[in-house]
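The values are calculated or read from the model by the stated rules, or taken from the named source; none is laboratory data. Because the structure is predicted, anything quoted here is derived from the model rather than measured. Heads up, the Cβs are rebuilt from the backbone with ideal geometry, glycines too, and the neighbour counts pull from every protein chain shown. Side chains included, ligands, DNA and RNA excluded: accessible areas come from the protein's heavy atoms. Shrake-Rupley method; radii C 1.70, N 1.55, O 1.52, S 1.80 Å.
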Amino acid sequence: MTTAQLTIEPASEHVGAFVSGIDLARSAEPGGLGDETVAAIRAAWAKYGVLFFRDQNISPEQHIAFAEHFAAIDINKFFASVDGYPGIAQVLKEPDQEHNIGGGWHTDHTYDPIPARGSILLARETPATGGDTHFLSVGAAYDALPDDLKKTVENLEAHHSSAHVFGAQSKHAEDIGDRFGNSEAVGGATHPVVIQHPETGRKLLYVNAAFVTGIVGWSTEESDELLTRLYQHIVEGGFDYRYQWEVGSIAMWDNCSTWHSAYNDYPGQRRLMHRITIEGVALSAA
Ligand code: OGA
Ligand code: MN
């Protein structure tokens with residue numbers, strides 16, 4: 001059986017799992033990883049929010065083939081791509097750069113009407129120390145909300161936008177260069193504050209400090225007060241796991257059910273990751 005050696009072990013109480021006993025290079029072979037293995041990975045991804053694989057020094061073609069087992073590739077509008085591979089975004093910090101991509105808690109692409117389903121990030125060059133990525137579960141965060149807050153967020157919607165992060169006025173535009181400041185590509189969307197996971201149906205808090213600009217129909221003051229309370233609950237509740245990279249490590253995260261944040265604690269060192277993002281499905285309110 002193809003799944004006989006596949007081992008999935010939780011990384012922490014609320015988020016993440018380590019997947020071992022699999023060689024993702026097989027993704028590009030005829031027949032790929034096989035339906036049974038793909039189904040097991042898909043189910044674990046939905047259950048744990050982020051999957052970690054080690055020692056997968058796969059080629060760009062194998063990376064693409066692995067991603068395409070799950071959905072079509074969503075091409076990032078703001079990041080430079082890897083030469084010759086428009087579907088692979090470069091998540092790069094050069095030694096002389098101050099800002100990093102993905103520093104600060106967020107979920108990717110929530111400013112799109114149909115946000116990307118998730119990303120498969122592969123470490124190509126890692127700093128000698130630092131450069132971890134922090135993940136947390138917004139499903140566990142929803143479950144642990146006090147009842148009054150659960151009532152408050154029911155049926156609310158939030159505005160999401162990319163303009164302040166990726167537009168011309170982005171505070172990172174100069175330092176990070178041509179990957180940001182793409183004003184033509186910026187946009188926004190409205191999503192329910194509590195969504196249902198498209199596969200498990202689990203209720204998830206779907207707001208994040210990077211891209212949410214306000215609660216629909218609320219004043220800025222009311223909106224900021226609620227969002228600050230929610231963000232504090234999400235970040236401080238112990239729903240997190242911090243992942244330490246090695247070259248060849250992969251993190252495959254679910255944008256519906258997790259937040260992530262990249263540590264920027266390796267000044268003067270280079271860090272290069274290859275990211276493939278895959279398309280999502282329309283979100284529905286819980
Ligand atoms: C991303 C991101 C985190 C990291 O690629 O979306 O936030 O650790 N990256 O590089
Ligand atoms: Mn990100």
Ordering of 128-138, 251-261 by packing [mean C-beta count within 10 Å, highest first]: 251-261, 128-138
Pairwise label distance in nanometres, Glu98 with Gln244, each label 7 Å out on the Cα-Cβ vector: 3.0 nm
Dmax and Rg, reported as Rg then Dmax, of the chain (C-alpha, Å): 18.4, 57
Partner lysines for Lys77 [C-alpha distance under 23 Å; skip if fewer than 8 residues away on the same chain]: Lys93, Lys171
Nearest-20 debye value, the chain charge dipole, Cβ charges on Lys, Arg, Asp, Glu: 280 debye
Within the accessible area of the chain (1.4 Å probe), percent carbon and sulfur: 48 percent
Chain lengthening between Asp35 and Thr220 when straightened (0.36 nm per residue, less Cα-Cα): 61.8 nm
Where only C-alpha atoms are counted, convex hull volume of the stretch 1-90 per residue in Å³: 113 Å³
Solvent-accessible area per residue for the chain (1.4 angstrom probe, square angstrom): 43 Å²
Under 28 Å from Lys47, Cα to Cα: lysines that are on another chain or at least 8 residues apart: Lys150, Lys151, Lys203
In nm, spacing of pseudo-spin labels at Gln269 and Thr200 (7 Å Cα→C-beta vector): 3.2 nm
